[in-house]
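Taking it in order: structure first as structure tokens, then the write-up.
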Amino acid sequence: MSLEAMNTQQSFLDRRSGARFELLEYALITAGDSSQARSVVVDVSLGGLQVRSRHRFPSGSRVTLSIGQLSAPPLDLMAEVRYSEPIPDTDLFSTGFRILIPEASQRIKWGDYVHKVFLEQKDSME
């Protein structure tokens, strides 16, 4: 399924009001019971991100996200599941996460990551 097709089927539960930047990055999601699910990050914002995976996550649960980066070590973050809904006519789920970052150093890393995504998209539009 293409990124465009995945994004046209966005969940009505996605209520983020900030700017979102599309991308395709791999992420490993580790739940509280240590189970893991592979996913693809399809968009990010300063407050959270959205993934596609074959796993449904309970709303309100907390997970660890490990987002792959080509030129740097994975970015590990704590997040809360806001929604996890099936995408019609697929075996995928659209899951939205709110990033939970208590430490200033982690907030800076997340902000730098979102900024990097923005700059990459800006460069590709020129």
>> Quick one: 3J(HN,Hα) in Hz for region 57-68, Karplus 6.51/-1.76/1.60 with θ = phi - 60°, rounded, Gly and Pro as x.
In response: 10, x, 4, x, 6, 10, 9, 10, 9, 10, 9, x
>> Quick query: amide H of residue 82 versus all other amide H atoms, modeled in the peptide plane; which residues come in under 5 Å with a sequence gap of 5 or more or a different chain?
In response: 60, 96, 97, 98
> For the residue pair residue 24 and residue 118, what label-to-label distance in nm results when each label sits 7 Å from Cα along the Cα-to-beta-carbon direction?
Replying inline: 2.5
>> Could you give each residue of region 69-85 its phi-based ³J(HN,Hα) in whole Hz, using Karplus coefficients 6.51, -1.76, 1.60 with θ = phi - 60°, and x for Gly or Pro?
In response: 9, 4, 9, 8, x, x, 8, 9, 9, 8, 8, 10, 6, 8, 7, 8, 10
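Rule-based calculations on the coordinates, nothing more; no lab input. Just so you know, these numbers come straight off a predicted model, no measurement behind them. Neighbour counts are summed over all protein chains in view; Cβ atoms, including those assigned to glycine, are modelled from backbone coordinates with ideal geometry.
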